[in-house]
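Note sheet for the following structure.
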Amino acid sequence: MAVAATHSLSKCYGRVAALSDCTFDVARGEILGLLGPNGAGKTTLLRLLLGYLKPTGGQATIDGLDCYRRSVEVHRRLSYLPGEARLFRRLNGRQTLEFFARLRSESSLERSLQLAERLELDLARRVRQMSTGMRQKLALIVALAPDVPLVILDEPTSNLDPTVRRDVAGLLDEARAEGKTVVFSSHVLSEVEDVCDRVIVLSSGRLVEQVRVGDVRRQHRIRAELRGTLGPPPAALAEGLDVLVNDHGRAEIVARGDLAPLLGWLAEQPLASLRIEPIGLRSVYERHHPTGGR
């Protein structure tokens, strides 16, 4: 059984559809990336998973429990970091962690303190005296400390420097190894590509694409200047290629799969220049959200 799943999940506000007919699931031990610009439906989807909103149609479940109808039981099975976390400004870091450790039995002060040490967070400082990055670290620790099957993180690395972002990626790798499931919403495509196993893309309230990150990483775009005519690829390669040649002797090839056999064919072609680049998540994202149109 999937840890989290939706089936034809929809949420409307009057005539405005914030989320429409959204269906996906998340396996145990999987990190699922959630991509889309502001207004795409990400926040609505997360709030439906958390049971904060009543669906207009369809269903969201966690561990088989309806997220809205059985929200109390659902909340015992997950931990959530909102996009703009608010903490008690008069408490210091350690007092904050102690409060949340007492608040729920799934949490552990020992685990919280270990995370604070790894992220090099000064727990003696009051929250109101912390920098934005320090407060983000503290909120992240609160979210990662509970021993629950599902962790939902909304922009968890905002305001963190690159070194701390790498530390967070390491913590999420460990969570995956422990069998935990993570839903990871972020605007940073490179970060999602580094951390996640699979990604869903939302656009105008609809789920428009699902991709496995491993498959995306195996795709490359090849641009070549030709001195002559590009020969046809061998039949064994042709199925994994999209080839476009214009009238000016320029070729663009999108390749899926192992590059080694393709390079052998390219070496036999009349090439003046050649450039190979990984396609990555940006190409997938911009199919639905072109940079020029945002």
Point to revise | Accessible-area value, S105, 1.4 Å probe, nucleic acids and ligands omitted, Å² | key: 110 Å²
Exercise for review: Using DSSP, restrict attention to beta bridges with both residues in the chain and report what percent are antiparallel, rounded to the nearest 5.
Suggested key: 70 percent
Practice item. Give me the accessible area per residue for region 125-252, probe 1.4 Å, as a whole number in Å². Key: 47 Å²
Review point. Can you give the extra length, in nm with one decimal, that the chain gains between R69 and R28 once fully stretched, where that is 0.36 nm per residue apart less the Cα-Cα distance?
Key: 12.5 nm
Check your understanding: Which net charge results for the neighbourhood of L189, defined as the other residues with beta-carbon distances under 12 angstrom from its beta-carbon, given Lys and Arg at +1 and Asp and Glu at -1?
Key -> -3
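First select every other residue whose beta carbon is under 13 angstrom from the beta carbon of G51; then total the charges, Lys and Arg +1, Asp and Glu -1.
So the surrounding residues net to +4.
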Point to revise | Accessible surface of the chain, 1.4 Å probe, proportion on carbon and sulfur as whole % | key: 47 percent
Review point. How big is the antiparallel share of DSSP beta bridges in region 78-219, given as a percent to the nearest 5?
Key: 45 percent
Review point. Which value, in Å² and to the nearest 10, is the accessible area of H248 when all protein chains are kept and the probe is 1.4 Å?
Key: 140 Å²
Review point. Based on the Cβ-Cβ distance from L274 to D194, what FRET efficiency comes out when R0 is 35 Å, to the nearest 0.05?
Key: 0.80
Check your understanding: If you add up the charges near R90, with Lys and Arg at +1 and Asp and Glu at -1, over every other residue whose beta carbon is less than 9 angstrom from its beta carbon, what do you get?
Key -> +3
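The values are calculated or read from the model by the stated rules, or taken from the named source; none is laboratory data. Keep in mind it's a predicted model, so treat the numbers as computed, not measured. Because the Cβ atoms are built from the backbone with ideal geometry, glycine has one as well, and the counts that use them run over all protein chains shown. Heavy atoms of the whole protein, side chains included, go into the accessibility calculation; ligands, DNA and RNA do not. Shrake-Rupley method; radii C 1.70, N 1.55, O 1.52, S 1.80 Å.
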